[in-house]
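Have a look at the structure below, then the notes.
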Amino acid sequence: MAPVDPHSFTESTQPATTHLALTLYFDFPSSTIHASALFTLQTPHSGPFFLDTRSLTIHSALHADEAIPFSLSTTTDPIKGTLLTLTLSNHSSFILTFSTSPSSSALQWLLPPQTCNKTHPYVYTQCQAIHARSIFPSHDTPARRIRYSAILNIPSELSAVMAANHVTRRPPRDDDAAALASLNLNWCSQDRVVEEFVMEQPVPPYLFAFAVGQLGNREVGPRTRVYAEEGSAVLDSAAKEFEGTEEMIREGEKLFGEYDWERFDLLVLPPSFPYGGMENPKMVFLTPTVIKGDGSGAQVVAHELAHSWTGNLITNKTNEHFWLNEGFTTYAERRIVEAVQGEKRATLNVGIGWRGLNEEIERFKDNLEFTKLKNNQQGIDPDDVYSQVPYEKGFQFLFRIERQVGRSAFDEFLKKYIAKFKFQSIDTDTFLDFLKENIPGIEKQIDLVLWTEGTGIPSDAYEPELIVYKTIVSLANEAATGRMPGEDEVADWQGQEWELYLDNLPKSIEASQIVALDSRHKLSESKDYEVKVSFLQRAISCGCKEYYGEVERTLKAVGRMKYLRPLYTALVKGSEEDKVFAKRVFLEARECYHPIAQSVVVSIFSKHM
Ligand code: BES
Ligand code: ZN
């Protein structure tokens with residue numbers, strides 16, 4: 001037995017799936033997908049063949065109409081899910097038929113009242129880190145890449161998008177769903193339509209993505225359309241916010257090489273989307289909270305765009321090397337931001353990240369393993385240890401190398417690294433070997449082992465020195481002596497400056513100062529959720545009850561975990577009354593959260609209560 005990934009049942013001795021042909025029937029009334037999947041294996045295989053599943057019902061396993069024996073394990077691993085074992089006899093392909101469950105951890109099914117336009121249902125995926133297995137049986141590890149095609153049968157008043165090429169929208173045909181015949185679906189009914197997609201590039205399963213709803217779109221560039229619910233104001237404001245996308249793609253190409261995914265479309269999801277952005281290839285998913293009306297949402301787009309090279313072309317082999325995805329992408333994102341918005345914006349991002357990294361090191365002070373770039377995740381749910389460490393310590397490591405070798409040499413190295421490993425899944429050692437090979441002697445100048453395997457923040461990390469950054473940090477520190485910023489000092493502040501200021505306020509600050517800050521600058525009502533949540537988190541920690549109404553509205557309006565985590569955590573660390581309040585709000589709001597966000601809030605509660 002040689003598992004390739006602590007988060008998957010995939011066995012190294014069993015062949016990879018090279019292609020998957022999916023047929024999906026969306027049944028909105030029961031929040032279920034009935035499906036078939038034709039697997040093509042790299043080599044014929046005899047004996048046990050393992051696949052990951054979670055909350056799936058398997059109906060049949062067939063090869064040319066002959067049944068293949070299969071069984072689901074009787075016990076379910078809380079992290080990996082349920083093992084599906086097929087017994088193959090020199091098979092190199094087979095068809096599975098199966099159904100998802102309404103509690104599938106990758107899927108959020110929204111009833112019409114939970115959507116923006118209130119008239120049509122909606123469903124969307126979030127597969128990273130290990131949720132693809134709750135949609136289809138798979139080798140759900142980034143160590144294995146697949147190509148796929150998909151036929152989606154949906155109500156005809158809706159449309160579908162995927163992180164893949166759209167082939168056609170057409171009436172359903174009987175022969176589409178031969179494998180699903182025994183399920184008696186209304187496949188060809190008048191009110192159904194089929195959308196076909198193909199993904200020709202091999203991708204890790206966590207990049208599988210679709211959304212089905214009443215979607216409209218606007219063209220914003222030669223390879224970019226913005227999609228959102230039709231009839232909501234979001235579409236127009238998103239088109240405006242993201243009009244600079246093509247310029248960013250061009251900057252990305254200058255820095256990292258050709259853009260390999262043809263299209264770069266953007267889908268703005270309902271507010272319950274649990275992340276800021278998800279780098280689904282060809283079709284990035286975004287929270288509507290990034291649309292602030294001032295173009296600052298471009299930073300999140302820059303990040304997801306950067307994943308087109310770092311993450312989607314070169315992928316971490318397992319989640320234990322997640323920094324290879326997020327650290328590289330944070331570095332690449334800041335280079336793109338610097339190129340299009342200038343050094344000041346990029347430096348403020350570095351500064352916000354620096355503060356975030358220091359806070360995370362504090363959060364993990366009793367669990368130092370997760371302050372390491374490369375860490376052991378045996379028996380660990382990646383959603384439970386998600387943090388800024390892989391992003392910001394990873395960024396710091398790469399920036400340290402850039403400072404050592406100089407920018408132009410590092411740029412050349414990055415281009416070479418991407419060209420060498422594209423469409424591969426690699427680990428930390430593979431990166432280090434390539435680094436040492438291409439920058440001889442680097443291990444004598446930088447302690448590579450300390451950076452990748454050590455805990456905490458190495459002393460040669462870098463806190464920004466730019467004057468805009470230092471001014472804001474010292475202004476925040478002065479709050480300890482009661483000094484608050486004057487009107488003239490904050491006159492030209494945007495969201496980032498406020499975020500940096502709030503994040504650096506000393507712990508000892510008085511409740512009266514929080515109230516004074518808000519009455520002057522209306523931070524609790526900011527349209528910028530980064531600012532609003534940063535402020536509300538402070539307000540909770542200081543026990544300022546007057547803001548709890550706003551806290552409740554916020555927790556019920558958005559499902560982005562970046563906002564849920566700090567607010568619920570501040571509440572459960574507070575008084576008994578705060579805990580009761582947190583529980584009540586969660587009970588009332590949880591239906592509106594994505595299943596991944598629901599579990600994260602549950603685990604915050606179980607840790608602190
Ligand atoms: N790939 C991540 C989101 C993710 C990570 C989903 C791990 C599931 C598991 C995405 O690229 C990301 O980092 N999003 C950030 C954006 C930010 C850094 C600009 C987010 O959601 O906050
Ligand atoms: Zn990312």
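The values are calculated or read from the model by the stated rules, or taken from the named source; none is laboratory data. Worth saying up front: this structure is predicted, and the values here are computed from it rather than measured. Quick reminder, even Gly has a Cβ in these numbers, built from the backbone with ideal geometry, and neighbours come from all protein chains shown.
When we screen Glu279, Glu241 for residues that are within 16 Å of ligand 1 (Cβ to nearest atom), closer than 19 Å to Thr330 by Cβ and of a type in the set (Asp, Glu), the only hit is Glu279. Of the candidates Glu360, Glu392, Glu343, Glu402, the single residue that is of a type in the set (Asp, Glu) and farther than 26 Å from Tyr501 by Cβ is Glu402. Where helices (runs of 4 or more DSSP H) fall wholly inside segment 541-609, the ranges with 2 or more residues that are at pLDDT below 95 are 595-608.
Residues in segment 333-354 that are within 11 Å of ligand 1 (Cβ to nearest atom) and of a type in the set (Gly, Ala, Ser): Gly353 only. Total residues in segment 426-468 satisfying the condition of being over 19 Å from Ile361 (Cβ atoms) and either at pLDDT 95 or above or loosely packed, with under 15 Cβ neighbours inside 10 Å (or both): the figure is 25. Of the residues making up segment 270-279, those that are touching a Phe, Trp or Tyr at 6+ places or on another chain (Cβ under 8 Å), in contact (Cβ under 8 Å) with a residue 60 or more places away in the chain and within 16 Å of ligand 2 (Cβ to nearest atom) are Phe273, Pro274, Tyr275, Met278.
Selection over segment 409-431 of residues that are assigned to a loop (DSSP other than H, G, I, E, B) and not aromatic (Phe, Trp, Tyr) gives a count of 2. Being surrounded by fewer than 21 Cβ atoms within 10 Å (Cβ to Cβ), closer than 30 Å to Thr428 by Cβ and modelled with pLDDT of 95 or more is a condition met by at least one residue of segment 147-169. Residue count for segment 221-256 satisfying the condition of being touching a Ser or Thr at 6+ places or on another chain (Cβ under 7 Å), among the hydroxyl-bearing types (Ser, Thr, Tyr) and in a helix (DSSP H, G or I): 1. Comparison of Arg355, Arg363 shows that the only residue that is out of contact with any helix residue (DSSP H, G or I) (no Cβ under 8 Å at 6 or more places or on another chain) and within 22 Å of Thr452 (Cα to Cα) is Arg363. None of Leu267, Leu305 is out of contact with any Lys or Arg (no Cβ under 9 Å at 6 or more places or on another chain) and either more than 13 Å from ligand 1 (Cβ to nearest atom) or small (Gly, Ala, Ser) (or both) except Leu267.
For segment 305-330, a residue qualifies if it is among the aromatic types (Phe, Trp, Tyr) and either within 11 Å of ligand 2 (Cβ to nearest atom) or farther than 16 Å from Lys415 by Cα (or both), and the qualifying residues are Phe322, Trp323, Phe328.
Taking first residues from segment 312-326 that are of a type outside the set (Lys, Arg) and partners that are in a helix (DSSP H, G or I) and away from ligand 1 (no atom under 13 Å from the Cβ), the Cβ contacts under 6 Å between residues at least 6 apart in sequence or on separate chains come to Ile314/Phe421; His321/Thr428. When Thr43, Thr23 are screened for being touching a residue at least 40 places away in the same chain (Cβ under 8 Å), among the polar types (S, T, N, Q), buried (at least 17 other Cβ atoms within 10 Å of the Cβ) and assigned to a strand (DSSP E or B), only Thr23 passes. Please tell me if Thr74 is modelled with pLDDT of 95 or more, out of contact with any Ser or Thr (no Cβ under 7 Å at 6 or more places or on another chain) and among the hydroxyl-bearing types (Ser, Thr, Tyr). Judged against the criteria, Thr74 is a match. Kindly evaluate Leu357 against the criterion of being touching a residue at least 12 places away in the same chain (Cβ under 8 Å), surrounded by 15 or more Cβ atoms within 10 Å (Cβ to Cβ) and more than 16 Å from ligand 1 (Cβ to nearest atom). So Leu357 fails the test. Within segment 315-325, if we keep just the residues that are buried (at least 24 other Cβ atoms within 10 Å of the Cβ) and either hydroxyl-bearing (Ser, Thr, Tyr) or within 26 Å of Arg223 (Cα to Cα) (or both), the residue that is nearest to ligand 1 (Cβ to nearest atom) turns out to be Asn325. Filtered by the rule that a residue be part of a helix (DSSP H, G or I) and either among the hydroxyl-bearing types (Ser, Thr, Tyr) or out of contact with any helix residue (DSSP H, G or I) (no Cβ under 9 Å at 6 or more places or on another chain) (or both), segment 378-402 gives a lone residue, Tyr391. Of all the listed residues (Ala238, Ala233, Ala302), the sole one being within 16 Å of ligand 2 (Cβ to nearest atom) and aliphatic (A, V, I, L, M) is Ala302. Number of residues in segment 443-484 that are part of a helix (DSSP H, G or I), among the aliphatic types (A, V, I, L, M) and more than 18 Å from Leu324 (Cα to Cα): the value is 8. Looking at segment 251-267, is at least one residue small (Gly, Ala, Ser) and either farther than 21 Å from Ile314 by Cβ or free of Cβ contacts under 8 Å to residues at least 40 places away in the same chain (or both)? Scanning segment 251-267, I find no residue that is small (Gly, Ala, Ser) and either farther than 21 Å from Ile314 by Cβ or free of Cβ contacts under 8 Å to residues at least 40 places away in the same chain (or both), so the answer is no. So, Lys573, is that one surrounded by fewer than 18 Cβ atoms within 10 Å (Cβ to Cβ) and in contact with a His (Cβ under 7 Å, 6 or more places away or on another chain) or not? Against the criterion (surrounded by fewer than 18 Cβ atoms within 10 Å (Cβ to Cβ) and in contact with a His (Cβ under 7 Å, 6 or more places away or on another chain)), Lys573 qualifies.
Look at (1) of a type in the set (Gly, Ala, Ser); (2) more than 23 Å from Arg147 (Cβ to Cβ); (3) over 28 Å from the mean Cα position of the chain (by Cα) and you find that Ser99 fails only one, number (3).
Evaluation of Trp493 against the conditions (1) outside any helix (DSSP H, G or I); (2) touching a residue at least 60 places away in the same chain (Cβ under 8 Å) shows that the sole unmet condition is (2).
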